[in-house]
Amino acid sequence: MSGGTGPQRRNGGGGLKLMLWLLALVALAPLTVVVAAMGTGVGLWSPEVGLDLLTFRIGRFLALAGVMAGLISVVLALRDLRRRGILAAVTVLIAAGTLGGYLIQGARMQVTAPNDVTTDTAEVPGFSRLIQDRRTAAGAAQPGGAATCDGVAFAPTQVTPEVAADALRSAGFRVIGAAPFRAEGTRVGSAFGLTHDAVIRIRPGRTDVRITARDDRAQGDQACRLLATVVRNLTS
């Protein structure tokens, strides 16, 4: 009896150890994303390194490897569900959640949309000298002709500068200034530090908004989503 149980216990311990290594492998992808986002946010490296290389190249490869690790973990757990089932479930959940996040975010980033959008293309709201100087200092390209976003129109009301400033704050912007007939703000993305500038122009009977990214890299429909949020805040 004892001669049979010894090898079985050793094999069982080896299986658990392997499953722990598989769990560590699965955790590498989300950990890579966290490190990439934090490093980009504090300026250790550029968005090209943090977003393109670390997140969408290395991180995506690790996420796919994590799915394989999750499947192997399930196979190992079938030999002893009582002892290994929870560990396998955690491994699979992390792997599935990570891959799902990549699929959702990847699809969002692949959406073809402009980075400079407004509710008035005939007379595009302009940024103040302060915002323009900050964009120049950050190496941002000077905004050209802004585009529209499907389903997003101007706010058919003349709001106060205070209401305009609150609409920017509610959308995650830090208000730079609010004066008669306008308000401006800047939003720094929490994940990778991608920055957007916003200006609200107030006129009798209508209020227009412009959102412009400082980085001309592809960002999906982020600018349009921010534009829609600010307009919704103005009219709610």
- [ ] Sticking with the crude label model, points 7 Å out along Cα→Cβ, report the distance from ARG108 to ARG169 in nm, one decimal please.
- [x] 2.5 nm
- [ ] Report, in cubic angstrom per residue, the convex hull volume of the C-alpha atoms of segment 194-236.
- [x] 61 Å³
Task: Equivalent-ellipsoid semi-axes of segment 160-236, from the Cα gyration tensor, Å, largest first - done: 21, 12, 10
Open item on the list: For the chain, what does the convex hull of the Cα positions come to per residue, in cubic angstrom?
Closed with: 141 Å³
- [ ] Quick one: pull the percent of accessible area on segment 190-236 belonging to carbon and sulfur, 1.4 Å probe, ligands and nucleic acids left out.
- [x] 49 percent
Task: Alpha-carbon spread of segment 28-115, three principal axes, descending order, Å - done: 52, 28, 15
Open item on the list: Cut-off 12 Å, label point 7 angstrom out along Cα-to-Cβ of GLN158: give me the residues of segment 173-194 whose amide nitrogen falls inside.
Closed with: 181
- [ ] Quote the charge dipole size of the chain about the Cα centre in Debye, to the nearest 20; the model charges only the Cβ of Lys and Arg (+1) and of Asp and Glu (-1).
- [x] 1100 debye
Task: segment 86-236, accessible area per residue, ligands and nucleic acids excluded (1.4 Å, Å²) - done: 48 Å²
Open item on the list: If exposed means no more than 14 neighbouring beta carbons inside 10 Å and the site is in a DSSP loop, what's the longest run of the chain without any exposed trypsin sites (Lys or Arg not before Pro)?
Closed with: 80-216
Open item on the list: Can you tell me the orientation of helix 2-41 relative to the chain, as the angle in degrees between its alpha-carbon axis and the longest Cα principal axis, to the nearest 10?
Closed with: 10 degrees
Task: Amide hydrogen neighbours beyond the local backbone of ILE176, cut-off 5 Å, H modeled - done: GLU184, GLY185, THR186
Task: Accessible area of segment 37-112 belonging to carbon and sulfur atoms, whole % at 1.4 Å probe - done: 72 percent
Open item on the list: What distance in nm separates the two pseudo spin-label positions at SER46 and ALA65, each 7 Å out from Cα along the beta-carbon direction?
Closed with: 2.6 nm
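The values are calculated or read from the model by the stated rules, or taken from the named source; none is laboratory data. Bear in mind the structure is a predicted one, so any value in this text is a computation, not a measurement. Note that we place each Cβ from the backbone using ideal geometry, even for glycine, and neighbour counts take in every protein chain shown. With ligands, DNA and RNA removed, areas are computed over all heavy atoms of the protein, side chains included. Shrake-Rupley method; radii C 1.70, N 1.55, O 1.52, S 1.80 Å.
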